[in-house]
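Chemist: Structure provided below as structure tokens; questions to follow.
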Ligand SMILES: Nc1nc2c(c(=O)[nH]1)N[C@H]1C(S)=C(S)[C@@H](COP(=O)(O)OP(=O)(O)OC[C@H]3O[C@@H](n4cnc5c(=O)[nH]c(N)nc54)[C@H](O)[C@@H]3O)O[C@H]1N2
Ligand SMILES: Nc1nc2c(c(=O)[nH]1)N[C@H]1C(S)=C(S)[C@@H](COP(=O)(O)OP(=O)(O)OC[C@H]3O[C@@H](n4cnc5c(=O)[nH]c(N)nc54)[C@H](O)[C@@H]3O)O[C@H]1N2
Ligand code: SF4
Ligand SMILES: [Mo]
């Protein structure tokens with residue numbers, strides 16, 4: 001069953017080209033193991049086109065998490081006598097998980113066992129996890145943290161273009177376009193090496209418009225910065241479209257030849273008068289007009305969205321409104337132009353394509369589509385009838401824990417810190433009959449588990465990831481893992497061997513073998529990887545999907561001839577503005593929005609263990625405007641309590657003029673007292689089921705002393 005530790009294929013001092021463990025840029029780096037192969041030196045790869053040698057501080061320091069001082073080095077099982085997690089053997093830990101799952105399944109049926117995955121997992125792991133849930137557990141209850149990340153843009157992109165690929169063009173097109181509207185992305189902090197594309201754009205004479213309630217490091221680079229109230233991007237986009245129509249700047253020929261649904265979308269937009277939009281968004285009308293002028297004057301132009309407009313209870317409609325603006329002005333599917341979403345996690349793109357999403361089968365196929373079920377069931381060697389249907393979305397799954405979902409296997413996420421209304425989610429996790437967590441460190445979520453499995457990390461295993469451009473990359477192994485850890489793929493094989501021995505062969509531990517099966521499973525689907533092989537990835541700087549055949553190039557630029565809809569035309573969606581699920585009122589008078597700082601990653605499980613990153617970003621804070629601070633009697637560094645209907649968080653004040661006076665901002669990287677997600681509202685978008693991380697109502701209290 002268990003494959004013995006492989007001997008290293010790596011000789012000391014050979015520099016291995018590979019990729020960063022963190023964000024969706026997937027910067028190219030070189031790892032040079034030292035003579036004893038127990039540590040590794042990281043350098044940026046100048047020959048990789050995406051980052052051309054640049055790395056941010058997280059990538060630069062990524063090897064620190066490989067150290068046994070901070071990571072898990074052996075399995076842990078909760079001791080019933082003491083209630084504490086205690087070291088155990090792999091056999092004991094795996095047996096305990098199989099037992100926990102079997103017990104639950106026997107008592108409550110297969111849907112009582114849930115699975116929660118992550119967008120940091122390689123394509124191979126995401127694929128194997130989805131397959132494990134559907135055919136070994138037979139459960140519909142699987143979803144993943146990407147639901148919190150890109151699901152609104154994915155839903156809107158699919159509606160409009162018939163396909164969900166974050167960027168339909170490579171980043172290298174950005175400097176050559178004429179105008180970029182960047183909506184709710186703080187790329188200078190979230191993908192620092194990508195800032196280069198925006199500075200080159202401006203050096204070439206192109207215009208940059210940034211839309212963010214804060215004057216971020218990214219907004220500081222802009223020709224025009226619009227600072228709307230949180231949650232009002234939908235009105236802003238509709239107001240811009242209204243002006244485009246009123247000023248006769250619609251690309252009529254494009255609308256006629258390449259789209260459908262314009263009339264309805266146009267009437268919906270015309271109901272949003274500029275004066276109304278000014279009132280709702282707080283963006284002065286002259287600025288709105290300037291933005292329209294810059295965008296329509298440019299021969300080529302792009303709209304790029306990130307989490308700002310997407311993590312809203314109307315994220316899908318909001319992205320739809322931005323796509324409408326791009327379509328009305330003839331941008332998508334034309335050279336150096338279009339709409340794109342900046343995906344976030346390392347494998348945020350690939351992780352959403354291969355079946356860990358509740359409604360999805362590999363290749364970005366629909367779980368409800370009989371042809372898709374038949375195709376994938378054949379690859380898996382099972383009866384299509386045996387595949388479960390779609391399950392709950394991430395927050396709904398977490399909310400159901402301890403109710404009809406009673407056991408959970410969680411891989412590559414830390415919801416105790418990162419889920420909305422986190423205190424409730426933590427309580428739900430505690431109420432489970434059984435929780436197993438596979439992680440590289442003892443995260444706040446792993447601390448609650450009955451069994452914790454320590455797994456191998458990026459530099460110790462090979463796998464493929466798909467970056468934000470849709471570029472499939474090979475991340476190579478450079479180091480031997482420490483003896484006590486095993487890979488996620490080994491975990492799934494071992495659990496299958498215990499739960500359904502006849503299926504064990506379907507869960508190989510060699511990533512290339514998994515990828516070969518993924519190729520077949522994705523063949524003919526929207527995200528077709530069948531023409532991609534490890535051999536090919538070893539030679540090329542990645543291959544853009546769809547890549548349906550070997551020997552021919554992938555597809556860096558989509559939609560140039562036709563959109564991926566049945567008739568080849570893009571679809572306008574008629575949308576109207578609506579308020580956030582929770583708006584400020586007398587009791588909770590201030591907007592809270594949340595996001596990231598450059599030196600920490602996500603729930604911080606990895607980066608809070610790196611000394612130099614902690615020095616740069618030691619803890620949570622509340623960013624607030626001097627006028628708001630003065631009203632509360634708060635000065636820089638004062639402890640401030642932020643209170644919402646869900647809970648309370650305390651952090652030092654950071655007083656600065658770079659934020660709207662009606663809004664405070666907290667980064668979400670920390671657990672405990674300063675946890676931003678103690679406050680956030682789990683109101684869900686009706687289509688994407690994305691929680692409203694970017695808007696809720698709070699009140700602030702200065703804590704004396
Ligand atoms: N340093 C660092 N980098 C990361 C990550 C990390 O945790 N740390 N995570 C990675 C991942 S998974 C992701 S998803 C990306 C996220 O990358 P981004 O989307 O760039 O990150 P955020 O900070 O969440 O949000 C971006 C901006 O949205 C603004 N915003 C808030 N509310 C609104 C609103 O209502 N409308 C608009 N227009 N803007 C609003 C915030 O002020 C913030 O500056 O970053 C990736 N890179
Ligand atoms: N308030 C607020 N909350 C947010 C957001 C926000 O903007 N505001 N953003 C949301 C977004 S966009 C995202 S993507 C989520 C992310 O939030 P999380 O899902 O919590 O993401 P991470 O902190 O990256 O958690 C990944 C975990 O998996 C572990 N890990 C890393 N690699 C592997 C691997 O290969 N295998 C296994 N088994 N484990 C691994 C890491 O150590 C870590 O513990 O947070 C969301 N939460
Ligand atoms: S920008 Fe993203 S991929 Fe590049 S080094 Fe930083 S974290 Fe890694
Ligand atoms: Mo994300």
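Read the figures in this text as sums done on the coordinates, not as results from a lab. All of these numbers come straight from a predicted model, not from anything done at the bench. Cβ coordinates were reconstructed from backbone atoms using ideal geometry, including for glycine residues, and neighbour counts include every protein chain displayed.
Chemist: When only C-alpha pairs under 8 Å and at least 6 residues apart count, what is the relative contact order of the chain, in percent?
Modeler: Relative contact order comes out at 19 percent.
Chemist: From the helices alone, meaning DSSP H stretches of at least four residues, give me the mean residue ellipticity at 222 nm for the chain, per-run term -39500 (n - 2.57), in deg cm²/dmol to the nearest 500.
Modeler: Counting only the DSSP helices, I get -8000 deg cm²/dmol.
Chemist: If each residue's Cβ is checked for other Cβ atoms within 10 Å, how do 262, 545 rank with the fewest at the top?
Modeler: 262, 545
Chemist: Taking only Cα atoms, what is the 0 to 90° angle, nearest 10, from helix 90-108's long axis to the longest principal axis of the chain?
Modeler: 70 degrees
Chemist: Let me ask something else. Shape call for segment 492-540 from the C-alpha gyration tensor, a ≥ b ≥ c root eigenvalues: rounded (a/c under 1.5), prolate (a/b greater than b/c) or oblate?
Modeler: Oblate.
Chemist: Restricting to Cα pairs below 8 Å that are 6+ residues apart, what does the relative contact order work out to for segment 509-603? Please round to a whole percent.
Modeler: 14 percent
Chemist: Taking neighbour Cβ counts within 10 Å as the exposure measure, how do 500, 678 sort from fewest upward?
Modeler: 500, 678
Chemist: Something else now. Rg and Dmax of segment 96-236, using alpha carbons, in Å: what are they?
Modeler: For segment 96-236, the Cα radius of gyration and maximum Cα-Cα distance read 21.2, 66 Å.
Chemist: From the alpha carbon gyration tensor of the chain, can you work out the equivalent ellipsoid semi-axes (sqrt of 5 times each eigenvalue) and give them in Å, largest to smallest?
Modeler: Those come to 38, 30, 25 Å.
Chemist: Could I ask something else about it? Mean separation of Cα pairs under 8 Å and 6+ residues apart, divided by the residue count of segment 557-705: what relative contact order is that in percent?
Modeler: 31 percent
Chemist: Which log10 I(q)/I(0) values, to two decimals, does segment 20-148 give at q = 0.11, 0.16 Å⁻¹ under the Debye formula with one point per Cα?
Modeler: Those come out to -0.63, -1.05, one per q.
Chemist: Now, a different point. Kirkwood hydrodynamic radius (Cα pairs, Å) of segment 634-684?
Modeler: 11.8 Å
Chemist: Take peptides 172-179, 316-323, 537-544 and line them up by average Cβ neighbours within 10 Å, highest first, as a rough protection proxy.
Modeler: The most tightly packed comes first, giving 316-323, 172-179, 537-544.
Chemist: What ranking of 357, 58 emerges when the number of other C-beta atoms within 10 Å of each C-beta is taken as an exposure proxy, fewest first?
Modeler: Going from sparsest to densest Cβ surroundings: 58, 357.
Chemist: Over segment 64-105, consider all pairs of different Cα atoms and compute the Kirkwood hydrodynamic radius from their mean reciprocal separation; express it in Å, one decimal.
Modeler: Evaluated on segment 64-105, it is 11.8 Å.
Chemist: By how many degrees, between 0 and 90 and to the nearest 10, does the Cα long axis of helix 511-522 differ from the longest principal axis of the chain?
Modeler: 50 degrees
Chemist: Return the ratio Rg/(2.2 N^0.38 Å) for segment 299-352, where Rg is computed over Cα atoms only.
Modeler: Here the answer is 1.21, to two decimals.
Chemist: Can you check what the Kirkwood hydrodynamic radius comes to for segment 467-565, Cα pairs only, in Å to one decimal?
Modeler: 15.5 Å
Chemist: Sort 380-387, 204-211, 131-138 by the packing proxy (mean of other Cβ within 10 Å over each peptide's residues), most packed first.
Modeler: 131-138, 204-211, 380-387
Chemist: Please list, short to long, the whole-number percent of alpha-carbon pairs of segment 191-338 in consecutive 5 angstrom bins beginning at zero.
Modeler: All Cα pairs considered, the percentages come to 2, 9, 19, 24, 22, 15, 7, 2, 0.
Chemist: Kindly give Rg over Rh for segment 289-382, based on alpha-carbon atoms, with the Kirkwood expression for the hydrodynamic radius.
Modeler: Result for segment 289-382 is an Rg/Rh of 1.12.
Chemist: Follow-up. Round to the nearest 0.05 the FRET efficiency obtained for residue 673 and residue 73 when R0 = 30 Å and r is the Cβ-Cβ distance.
Modeler: 0.55
Chemist: Could you grab the Rg to Rh ratio for segment 611-705? Cα atoms only, Kirkwood for Rh.
Modeler: With Rh from the inverse mean 1/r over Cα pairs, Rg/Rh is 0.99.
Chemist: Let me ask something additional. With everything on Cα atoms, drop me the angle between helix 285-297 and the longest principal axis of the chain, reported from 0 to 90° to the nearest 10.
Modeler: Helix 285-297 sits roughly 70 degrees off the main axis of the chain.
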